[in-house]
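Here the structure is laid out as structure tokens; the discussion comes afterwards.
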Amino acid sequence: MKVFTTIGELRAELALSRGRSVGFVPTMGYLHEGHLTLARRARDENDLSVASIFVNPTQFGPTEDFATYPRDIDRDRAMLESVGTDVLFAPTVGEMYPAPPKTTVEVLPLGRMLEGALRPDYLRGAATVVAKLLNIVQPTRAYFGEKDYQQVLVVSQMVRDLSIPVEIVPVPTVRDADGLALSSRNVYLTPAERRAAPRLNLALAEARDAVRRGIATPAALEEHVRRFIAEEPLAEVVMVAVRDADTLEESGDALPERIALLLSVRFGKARLIDQAVIERDRA
Ligand code: AMP
């Protein structure tokens, strides 16, 4: 695996591969099996696979965990090497932002609702850095986890609106044996919180059952899921949203055909998210 920390060197290397398909996996590092699943797809479906590791300061709010976000570049490097990633791009903040950027990409209204309302900087910062990385790498395909469901929709809308020539490939959430979605932020959990955290994915299954049993409205489904999560004393519900899976708009009193259920739940220091798309006729 070749490792580059500057845009210039990376571009020079990628110029040698013109005409070959390139699969790209942008990450913030502290990798786990979820990231590696994306990296394997990028390797298997393209001639050349590229991953990036960059903890992007512009997508963290002033009170968020940019400074303490877990980092371990040596371990990440070895993990990417083990799955056959060809190129790693690991720039510094100074390389990506030599001067405070005056241009941002904002996808509206998608980027300001739900997670974007809880974290006003997140989706604008993420869309902007993904646009930058897509311009730097110019991949054929870019791989994103469905765990960050709203991010996938934002990035897909952005590449359509800006005519960025890339195929966005969504990848299903990779989970631990007990169902907890893998996340770099799971390291914030105490052992007791880690034991409690699968309540999040159990709530997705509970919602699917409720839909199957014929629960009638988005409000009733949200309330049902809230109560189910609240039965776990260590869980503090931040957000339960039942939305149309394509637009994330509210659907009034009727459940949409394709339901996106988006959850955000705090366990101690960690705010975890999870998500499911429930197809009503297949629930
Ligand atoms: P992050 O490093 O958290 O910014 O994540 C980088 C990419 O990996 C994003 O596209 C995430 O959605 C994806 N990802 C993170 N966790 C998982 C997971 N458990 N399963 C699948 N993809 C994931």
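General observations
- Normalised contact order of segment 162-264, rounded percent, pairs of Cα under 8 Å and 6 or more residues apart: 20
- Peptides 128-140, 243-255 ranked from most to least packed, by the mean per-residue count of other Cβ atoms within 10 Å: 128-140, 243-255.
- Extension gain (nm, one decimal) between Ser21 and Asp209, 0.36 nm per residue minus Cα-Cα: 63.5 nm
- For the pair Glu106 and Asp281 in one chain, pulling the backbone fully straight at 0.36 nm per residue adds 59.6 nm over the alpha carbon distance.
- Fraction in percent of alpha-carbon pairs per bin - 10 Å, the chain: 6, 27, 35, 22, 8, 1
- Under 5 Å, built H, 5+ apart or other chain: amide partners of Phe144: Val169, Val171
- Spatially proximal aspartates and glutamates relative to Lys102 (Cα-Cα < 13 Å; intrachain offsets below 8 disregarded): none
- A straight Cα-to-Cα reach below 23 Å connects Lys269 with the lysines Lys147, residues fewer than 8 places away in its own chain not being considered.
- Taking 0.36 nm per residue of sequence separation and removing the Cα-Cα distance, the Ala230/Asp253 pair yields an extension gain of 5.9 nm.
- Mean Cβ neighbour count within 10 Å, used as a protection proxy, ranking 48-55, 275-282, 95-102, 235-242 highest first: 48-55, 235-242, 275-282, 95-102
- Listed by chain and number, the aspartates and glutamates placed with their C-alpha closer than 17 angstrom to that of Lys2 are Glu13, Asp47, Asp74, Asp76, Glu81, Asp86; residues fewer than eight positions away on the same chain are left out.
- Highest to lowest packing among 63-75, 16-28, scored as the average C-beta count within 10 Å: 16-28, 63-75
None of the figures in this text is laboratory data; all of them are computed from the coordinates on show. Predicted, not measured: the structure shown is a model, and the values here were computed from it. Ideal geometry is used to build each Cβ from the backbone, glycine not excepted, and the neighbour counts take in all protein chains shown.
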